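The values are calculated or read from the model by the stated rules, or taken from the named source; none is laboratory data. What you are looking at is a predicted structure, and each value in this text was computed from that prediction instead of being measured. Cβ sites come from the backbone with ideal geometry, for glycine too, and all protein chains shown count toward neighbours. Heavy atoms of the whole protein, side chains included, go into the accessibility calculation; ligands, DNA and RNA do not. Shrake-Rupley method; radii C 1.70, N 1.55, O 1.52, S 1.80 Å.
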Amino acid sequence: MRVWRTAGMPVLLAVSALGFTGFALLLPTAPMWAVHIGADSLGAGLVNAVLMACTVIAQLLVGRLLRRAGWAVTLAIGMVLLGAPALVHMFADSLWAVLALAALRGFGFGIITVCGVDGIAAIFAQEHRGRAIGAYGLAIAAPQFVLTPLAPWRAGQVSCDLVFVLAGAPLLAVPLVLWFSRPVPRPPALTGDHLPASRGLVGPIAALVVITAAGGAILTFAPQFATTGTAFAALLALTGSTALARWLIGGVADRIGPARFIDPMLYLGAA
């Protein structure tokens, strides 16, 4: 099955790539900007900490918005929350302003991550979702592979303002989102019957926290603790291996299941 050509998939991949373009560009650049306007290393670390905290909060609450507004409107809101604050960064002159913008971007990023997976589930049957998620993972990892290493260099050598303008790319996805014609079911309201399933999410959430902490530390502090060339190489290695792994694991997961990979990969990521 050619997942790339399945109806609805090209639009979903384009939308996701634009969203993650905005995310990738500011992941290392927003902490750099905080330092540029006078923050210390703790302030720089807080920027992405706030971003990811608000991402998790949004992921936990987005189901309510999906039930009320539907998939397309919810995803469009996420793109606006992710893209519009990027443009405002050039006017942010205090750490508190950068943290507020990080919070808004975190809410937007949390929305688009949930909606992206929902879109895959609406397009593909269960037996093809591993390959589909692999293709989706490549679409979201490609911007990170190219742009995350380049962003600190471009900010330092050219202009932070240019990076902020480019990071507004999620706004370009809004018309595509509203044009998406594939029906995405609205999630059911949570009841007591869903509590066992909610408890079952503890393990996956813990896994995401561990691996995100490992990668997030490098993404946040490499531009501050290394030369421009070393930071570029480190971020390129991280995002390149991520893009490759996301693409390769999908078909394997379809054949033998994903569970057996989780523990070894967590240890490797932490190491």
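Take residue 241: with every protein chain present and a 1.4 Å probe, its accessible area is about 70 Å².
Counting heavy atoms of the protein chains alone, residue 9 has an accessible area of about 0 Å² for a 1.4 Å probe. In terms of its Cα atoms, the stretch 64-159 spans 48, 33, 15 Å along the principal axes, sorted from long to short.
To the nearest 20 debye, what is the magnitude of the charge dipole of the stretch 1-131 about its Cα centre, counting +1 on the Cβ of each Lys and Arg and -1 on the Cβ of each Asp and Glu?
Details: 8 positive and 4 negative charges, 116 e Å.
In debye, rounded to 20, the stretch 1-131 gives about 560.
Full extension from residue 88 to residue 261: what is 0.36 nm times the residue separation minus their Cα-Cα distance, to one decimal in nm? Write out the running numbers ahead of the final one.
Values: separation 173, 0.36 × 173 = 62.28 nm, distance 4.05 nm.
Result for the pair: 58.2 nm of gain on full extension.
Mean-square fluctuations from a GNM of the chain, with a 10 angstrom spring cutoff on Cα atoms, peak among 152, 31, 204 at 204. Just the number, please: Stokes-Einstein D of the stretch 43-102 in µm²/s, Kirkwood Rh from C-alpha pairs, 25 °C, 0.890 mPa s. Estimated via Stokes-Einstein, D reaches 194 µm²/s.
Annotation: Cα Rg of the chain relative to the compact-globule expectation 2.2 N^0.38 Å equals 0.99. Taken over the C-alpha atoms, the stretch 1-148 has Rg and Dmax values of 16.2, 53 angstrom.
Largest GNM mean-square fluctuation across 98, 165, 252, computed for the chain with C-alpha springs under 10 Å, falls on 252. In the context of the full set of protein chains, residues of the chain present 50 Å² of accessible surface per residue (probe radius 1.4 Å, heavy atoms only).
Span-like helices, the chain: DSSP H, alpha-carbon axial extent 20 Å or more, mean Kyte-Doolittle -1.0 or greater, which ones?
Details: long enough: 9-36 (40 Å, 1.50); 41-69 (41 Å, 1.31); 71-88 (26 Å, 2.08); 95-123 (41 Å, 1.83); 129-157 (41 Å, 0.35); 202-225 (33 Å, 1.70); 228-256 (42 Å, 1.00).
Flagged H segments are 9-36, 41-69, 71-88, 95-123, 129-157, 202-225, 228-256.
A Förster distance of 30 Å, applied to the separation of the beta-carbon atoms of residue 97 and residue 179, puts the FRET efficiency at 0.35.
Extension gain residue 6-residue 248, at 0.36 nm per residue separation less the Cα-Cα distance, in nm?
On the way: separation 242, 0.36 × 242 = 87.12 nm, distance 1.92 nm.
So the extension gain works out to 85.2 nm.
When a/c is below 1.5 the answer is rounded, else prolate if a/b is larger than b/c, else oblate, so apply that to the stretch 1-68 with a ≥ b ≥ c taken from the square roots of the Cα gyration tensor eigenvalues. Oblate.
Shape analysis of the stretch 103-151 yields a ratio of the Cα radius of gyration to the Kirkwood radius, Rg/Rh, of 1.06.
Pairs of alpha-carbon atoms within less than 8 angstrom and 6+ residues apart define the contacts here; what relative contact order does the stretch 82-162 have, in percent? Worked out over the stretch 82-162, it gives 26 percent. In a fully extended conformation the segment linking residue 270 and residue 217 would gain 18.0 nm over its present Cα-Cα distance, using 0.36 nm per residue. Pick from 170, 28, 258: which is most flexible by mean-square fluctuation in a GNM of the chain where alpha carbon atoms under 10 Å apart are linked? The residue with the greatest mean-square fluctuation here is 258. A simple spin-label model places pseudo-atoms 7 Å from Cα toward Cβ; at residue 125 and residue 241 they are separated by 3.7 nm.
Solvent-accessible area assigned to carbon and sulfur over the chain amounts to 71 percent, based on a 1.4 Å probe.
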